[in-house]
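Colleague: First the structure, then my questions, so here it is.
Values quoted throughout were computed directly from the atomic coordinates according to the rules given, and no laboratory measurement underlies them. Small disclaimer: the values here were computed from a predicted structure and weren't measured. With ideal geometry, Cβ positions are generated from the backbone for all residues, glycine too; neighbour counts draw on all protein chains shown.
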Amino acid sequence: MFRKILVANRGEIALRVLSACHELGISTVAIYSEADRHALHVRFADEAICIGPARSSESYLNIPQVISAAEVANVDAIHPGYGFLSENANFAEVCEASHITFIGPSPAMIRMMGEKDRARVEMGAAGLPIIPGSDGTVPDEDAAKRAAAEIGLPVMIKAAEGGGGRGMRIVRTKRELIPAFLTARAEAEQAFGSPNVYMEKLIERPRHIEFQVMGDRHGSVIHLGERECSIQRRHQKLLEESPSPALDPATRERIGRQVVDALRKVGYSNAGTVEFLRDHSGNLYFIEMNARVQVEHPVTEMVTQVDIVKTQIRVAAGERLEDAVGSFEARGHAIECRINAEDPDTFVPSPGRITTFRVPGGPGIRVDTAAYADAVIPPYYDSLVAKLIAHGRDRAEAIARMKCALAGFVVEGIKTTIPLHQRILADPDFVAGKFDTHFLEHLAPVEAK
Amino acid sequence: MAKKNRQQAGGRSEIRGVDLAEVERLLSFMEEHGLEEFEYEASGVRIRLRKASATSAGGARPVAAAEVAPSHPVHAASAAPAPHASPSRAAEPAVASDLHLIKSPIVGTFYTAPSPAADAFVTRGSRVETGQVLCIIEAMKLMNEIESDMAGEVVEIYVENGNPVEYGQPLFGIRAQGKKK
């Protein structure tokens with residue numbers, strides 16, 4: 001087992017990884033930018049090293065600084081968290097070359113899943129249902145016209161190196177096609193460094209359903225059930241739950257098995273999430289895979305009682321899945337609300353000093369946060385303040401507990417999306433489990449009291 | 001109706017159960033007896049008072065820093081904050097106001113000389129020009145030469161040879177002087 005791990009991240013996920021390390025008796029090293037000097041992950045780690053100024057590119061994304069810190073602190077392994085360097089295959093390779101274990105999938109797997117068009121083709125070949133689409137990237141305007149004709153409008157143009165919902169364009173008419181194609185390429189180049197795009201049939205009003213997987217270094221892969229993440233704003237997830245109200249046991253069983261078989265075939269290890277879109281007929285189509293631990297992993301942890309981060313560390317250290325995970329059962333229902341430092345109506349970011357921070361508790365409530373009273377939410381990083389998770393014996397109880405918890409979560413000094421989550425949970429369609437990724441657009445506007 | 005048993009505060013001001021008058025008394029006590037560091041724990045409160053000069057290389061202005069650590073952790077914390085050891089420094093050096101600090105631009109290991117057998121690039125009292133190499137910081141097997149960004153005299157060297165340094169850590173204190181003839 002590792003002696004010492006460096007956490008190459010910040011905020012709540014850094015704290016999460018620190019907890020897992022401490023539970024396993026592993027000593028910890030935090031890295032931080034100058035803007036995070038007073039952050040909790042710095043204070044709770046056994047050692048902490050400042051690696052740069054506030055800007056991510058000069059600190060958390062600065063590979064030489066991160067590796068240098070790992071060497072200076074003499075760590076055995078690095079956990080990259082999510083975001084930042086977690087899906088950077090080059091970083092994973094540099095770790096290996098420096099004789100530091102990267103806690104995550106292999107560089108080859110990260111690379112495969114990072115090239116979204118390639119992942120689509122490989123997962124299709126490995127047996128997963130995929131959305132009808134272009135065979136790889138669409139290199140030029142003629143290819144775009146041919147692909148659109150074959151697939152049939154409406155289509156979605158997506159950045160090959162994109163992900164997280166960015167770099168996507170919808171095309172409904174022939175006239176829109178080439179302008180959208182060219183703009184998408186320009187945006188993709190800007191955002192991801194590559195203009196490559198691919199094309200898929202547009203699934204109207206889909207539901208976003210994803211399977212949590214875990215593989216060890218001995219060829220075993222399991223899945224830990226699915227999550228539904230259809231409540232999104234501009235493709236950014238706001239609320240997630242498990243199990244999905246839209247999946248019946250037979251479909252869950254069938255897709256789960258296909259996912260595990262496909263990942264065993266390609267030789268996947270460590271944590272990952274396989275994302276699908278479900279159309280109105282109930283068909284599931286693979287869209288992409290995230291080769292890392294995800295923000296919403298607590299939802300699965302609450303339902304299965306499996307500690308995903310500890311398991312990541314254990315399989316990275318060479319343990320077999322049957323020892324690292326053992327047997328487990330899905331029990332009850334869990335919901336997570338992402339509480340962001342944003343205006344709940346306009347979504348304008350609201351960084352600043354938190355003056356009051358009262359966290360709810362009680363049965364079935366979990367809060368993952370690095371915020372505290374008097375903390376300053378810096379403007380340089382994402383706006384996530386806290387993840388509030390509620391678990392209950394069934395969906396109704398989870399919803400009831402979440403409503404109470406939201407009402408008891410007091411954050412002052414900054415604006416948060418708590419009021420928005422309260423509106424979502426009060427919505428009859430949400431309560432009935434009837435929604436898709438367009439839900440938020442149609443949420444009833446705020447009524448004046 | 002039962003009366004609640006209340007402790008008589010008696011005019012003392014408090015922050016989170018810490019009696020400030022008591023802290024002032026402790027500070028005078030420390031000055032009187034020439035103490036650099038003082039720590040005590042009582043009634044679930046731990047107080048540690050430490051002069052900046054207690055841990056710096058050449059302290060100019062000693063400042064008493066009071067840390068109050070409640071024994072019962074705040075709900076957001078999973079345990080009382082563990083003290084962390086950054087690579088080499090125990091505390092910020094107290095710096096005289098006329099010294100210009102050369103800070104580390106990278107994380108790595110600090111070396112005063114180009115090789116183990118060679119003489120140090122500079123020592124205390126060395127006069128340096130802008131652009132002159134002061135030290136090497138090794139990061140990922142690469143030797144990075146750190147140059148002075150001003151001319152002057154090396155007054156302080158804050159890091160020992162072979163110790164790790166982090167981003168922004170003070171390495172040298174340089175006092176501005178005219179150019180060498």
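Colleague: I want to verify a result. In a Gaussian network model of chain A, Cα cutoff 10 Å, which of these has the top mean-square fluctuation: A:F439, A:F328, A:F102?
Modeller: Result: A:F328 has the largest fluctuation of those listed.
Colleague: Relative contact order of chain A, please, whole-number percent, based on alpha carbon pairs below 8 angstrom and at least 6 residues apart. Walk me through the numbers before you get to the answer.
Modeller: On the way: 977 pairs, mean separation 61.1, N = 449.
With pairs under 8 Å counted, the relative contact order is 14 percent.
Colleague: 7 Å from Cα along Cα→Cβ at both A:R320 and B:R25: what's the point-to-point distance in nm?
Modeller: 6.6
Colleague: Under the rule a/c < 1.5 gives rounded, and otherwise a/b versus b/c splits prolate from oblate, where does the stretch A:320-449 land using the Cα gyration tensor? Walk me through the numbers before you get to the answer.
Modeller: On the way: a/c = 1.83, a/b = 1.21, b/c = 1.51.
Because a/c hits 1.5 or more and a/b fails to exceed b/c, the stretch A:320-449 counts as oblate.
Colleague: For the protein assembly as shown, what is the percent of antiparallel DSSP beta bridges, rounded to the nearest 5?
Modeller: On the way: 97 of 112 bridges.
Of those bridges, close to 85 percent are antiparallel.
Colleague: When the gyration tensor of the protein assembly as shown is built from Cα positions, what are the square roots of 5 times its three eigenvalues, in whole Å, from largest to smallest? All intermediate terms of the calculation are to be shown ahead of the outcome.
Modeller: Working: eigenvalues 452, 224, 104 Å².
Working from the Cα gyration tensor, I get semi-axes of 48, 33, 23 Å.
Colleague: How many percent of the alpha carbon pairs in the stretch A:4-103 exceed a separation of 21 Å?
Modeller: Details: 1004 of 4950 pairs.
Cα-Cα pairs of the stretch A:4-103 separated by over 21 Å account for 20 percent.
Colleague: Also: Would you compute the Debye intensity of the stretch A:132-201 from its alpha-carbon atoms alone, equal scatterers and no solvent, and pass along log10 I(q)/I(0) at q = 0.19, 0.22, 0.25, 0.26 Å⁻¹ to two decimals?
Modeller: -0.61, -0.82, -1.07, -1.15
Colleague: What is the calculated FRET efficiency for B:A113 to B:E153, with r their C-beta to C-beta distance and R₀ = 25 Å, to the nearest 0.05? Present the calculation step by step, with values, prior to reporting the outcome.
Modeller: Numbers: r = 19 Å, r/R0 = 0.77.
For R0 = 25 Å, the calculated efficiency reads 0.80.
Colleague: Beyond a 25 Å Cα-Cα separation, which of these cross-linked pairs lie in this structure: A:K174/A:K201; A:K403/A:K434; A:K4/A:K265; A:K237/A:K415?
Modeller: Numbers: A:K174/A:K201 14 Å; A:K403/A:K434 19 Å; A:K4/A:K265 32 Å; A:K237/A:K415 18 Å.
Result: A:K4/A:K265 exceed 25 Å.
Colleague: Less than 16 Å apart at the alpha-carbon level, and either on another chain or at least 8 residues along: which aspartates and glutamates does that give for A:K310?
Modeller: A:E12, A:E23, A:D76, A:D216, A:E296, A:E301, A:E319, A:E322, A:D323, A:D368
Colleague: When only Cα pairs under 8 Å and 6 or more residues apart are kept, what is the percent relative contact order across the stretch A:1-69? Mind showing how you got there, number by number?
Modeller: On the way: 119 pairs, mean separation 19.5, N = 69.
The normalised contact order for the stretch A:1-69 reaches 28 percent.
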